[in-house]
Amino acid sequence: MSELRVNSLQTTPSQTVGPFFSFGLVWEDGPHVVPEGTPGAFRIGGTVFDGTGAPVPDAVVETWQADQDGRFDHPDDPRGPVRWKDFRGFGRSATDPDGGYSLLTVKPGPLPVTGGGLEAPHLNVSVFSRGMLVRLVTRIYFPDEEANTADPVLTSIDPARRATLIAESVPHGYRFDIHLQGEHETVFFDL
Amino acid sequence: MPTYRQDTASHPPARFPEYRSNVARAPHQPFVLLPQRLGEITGPLLGEGRVGPNDNDLTAGHDGEPQGQRIIVSGRVLDGDGRPVAGTLLEAWQANAAGRYRHDADRHPAPLDPNFTGVGRTITDADGRYSFTTIHPGAYPWRNHDNAWRPAHIHFSLFGTAFTQRLITQMYFPGDPLFAQDPIFNSVRDVRAREAMVARFDLDTTVPEWALGYRWDIVLRGKNPTPLEEEDDDE
């Protein structure tokens, strides 16, 4: 039996987003994963820090997540149609002069894992900034989730660094700081 | 469920100190492998609502014509298997013809152009094709090293159809004499991958009496061949 071989093309390389992206990448509704007034919506945000502990004022933080039912409105989600049709699932926030970002979202449901188990509720995160040549990928987990203890990704990480992926509860939502480098360096993933 | 091939060789390393602002920002810890599951093989499918009718013409939308050499940059967005990526959002931004960005932090003493903002958006058609009309951006100085200049470039941002495919990159122009001293361009260590960031001049898409044509195809990650159902062995 012969396997069909297609021409494989080399991926176009990543390059830095540079310092001057804000006029090109900032959308007015970027930080709204869900519209204002959505039941259960909260703010999640924090500060991006560099290795010297200085805030990074020229980063952009993007999130991708499931809806409250743990579903994606996407053809490759094999589970079919979703209930929350206008749920965008995507958020984008450029950092402000103090390195802060902020998004309005809802907590996603857990995700089924092929072969059994669940991924605990989380957001997938991309971080771009001047000075970085590649996208950094991380995850935001929630502090009040029992499912964290059985999450296949969290449990695969050195326990000493696991806490860098878990947001902190604050009055109107959650805080999640991103440390690009240094003592508290956030866990970043290779996809 | 599909999964996407690794393409590590194409990309710059995370740490590349020749690019000075990389030093305090690149992570030091090794990246942890993230298995591709539902949240990685899906992604935002941002479409028509994001793009207005003239958003792919960066020379439009102002009282007059911008200064500079008018160009048309067109090409296809493909995945690593050569399949067109249809209906995907491209965002582009660039400096004006004098090498100045419309951004408060840009201190280069070159003139702003009242007729040029430098932002474009478009969506690929069913064959993955896109086209932007713009002006040739200027090179500009920066402080990375002594007498450092960025080669002329246009920034591109793409989503593809999956979180794994997200890409932000830059398109360069053929024969730029500034390549040799630019650490951002040279952070891509693979020669072929580096060349793939350079558009080619194209007489076929050059419009007589109007604009020079450049062709540039963008390749997003391809899928792995469909595996047997044994994805649960990755924990």
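Fully extended, how many nm does the chain gain between B:Ala126 and B:Ala148 (0.36 nm per residue separation, minus their Cα-Cα distance)?
Taking 0.36 nm per residue and subtracting the Cα distance, the gain is 3.8 nm.
³J(HN,Hα) across the range B:128-141 via Karplus (A = 6.51, B = -1.76, C = 1.60, θ = phi - 60°), whole Hz, x for Gly/Pro?
x, 7, 9, 7, 10, 9, 7, 10, 5, x, x, 6, 8, x
Could you check the spin-label model distance between B:Phe31 and B:His62? Points 7 Å from the Cα along Cα→Cβ, value in nm.
Inter-label distance under the simple model: 3.7 nm.
How high is the FRET efficiency between B:Phe201 and B:His108 when r is their beta carbon distance and R₀ equals 30 Å, given to the nearest 0.05?
For B:Phe201 and B:His108, the calculated efficiency is 0.70.
In terms of modelled amide H atoms, which long-range or inter-chain residues lie less than 5 Å from the amide H of A:Ala94?
Amide H to amide H, under 5 Å and 5 or more residues apart or across chains, A:Ala94 pairs with A:Val61.
Taking the Cα-to-Cβ direction at A:Arg43 and at A:Lys85 and moving 7 Å from each Cα, how far apart do the two end points lie in nm?
Taking the simple label geometry, A:Arg43 and A:Lys85 are separated by 3.2 nm.
Summing -39500 (n - 2.57) over the DSSP H runs of n ≥ 4 in the protein assembly as shown and dividing by its residue number, what mean residue ellipticity at 222 nm do you reach, to the nearest 500 deg cm²/dmol?
Computed ellipticity for the protein assembly as shown at 222 nm equals -1000 deg cm²/dmol.
Convert each backbone phi in the range A:128-140 into a coupling constant with the Karplus relation 6.51 cos²θ - 1.76 cosθ + 1.60 (shift: θ = phi - 60°), then list the ³J(HN,Hα) values in order as whole Hz, x for Gly and Pro.
Couplings: 10, 7, 3, x, 9, 8, 10, 5, 9, 10, 9, 9, 10 Hz.
Give me, ordered by chain and number, the residues 5 or more places off B:Gln170 or on other chains with an amide H under 5 Å from its own placed amide H.
Result for B:Gln170 returns A:Gln15, B:Phe156.
Please list, ordered by chain and number, the residues whose modelled amide H lies under 5 Å from the amide H of B:Asp217; skip anything fewer than 5 residues away on the same chain.
HN-HN under 5 Å from B:Asp217: B:Arg76.
With a 10 Å radius around each residue's Cβ, average the other Cβ atoms per peptide and rank A:171-181, A:30-40, B:156-166, highest first.
B:156-166, A:171-181, A:30-40
I'd like the distance separating the alpha-carbon centroids of the range B:111-149 and the range A:3-57, in whole Å.
19
I'd like to compare B:192-201, A:104-113: which one has the highest average count of other Cβ atoms within 10 Å, and what's the full order after that?
Highest to lowest by the protection proxy: A:104-113, B:192-201.
Is chain B best put as rounded, prolate or oblate by its Cα gyration tensor, with a ≥ b ≥ c the root eigenvalues, rounded for a/c under 1.5, and otherwise prolate when a/b is larger than b/c, oblate when not?
Judged from the Cα gyration tensor, chain B comes out oblate (a/c at least 1.5, b/c at or above a/b).
Compute the separation of the alpha-carbon centres of the range A:153-190 and the range A:63-141 and state it in Å as a whole number.
Result: 15 Å between the Cα centres.
Just tell me how shielded B:100-107 is by partners: mean number of partner chain Cβ atoms within 10 Å of each residue's Cβ, no decimals.
Partner Cβ neighbours, averaged per residue: 4.
At A:Glu36 and A:Arg161, where each label point lies 7 Å from the Cα along Cα→Cβ, what is the point-to-point distance in nanometres?
Here the answer is 4.0 nm between the modelled labels.
None of the figures in this text is laboratory data; all of them are computed from the coordinates on show. These numbers come from a predicted model, not from an experiment. All Cβ positions, glycine included, derive from the backbone under ideal geometry; neighbour counts span all protein chains shown.
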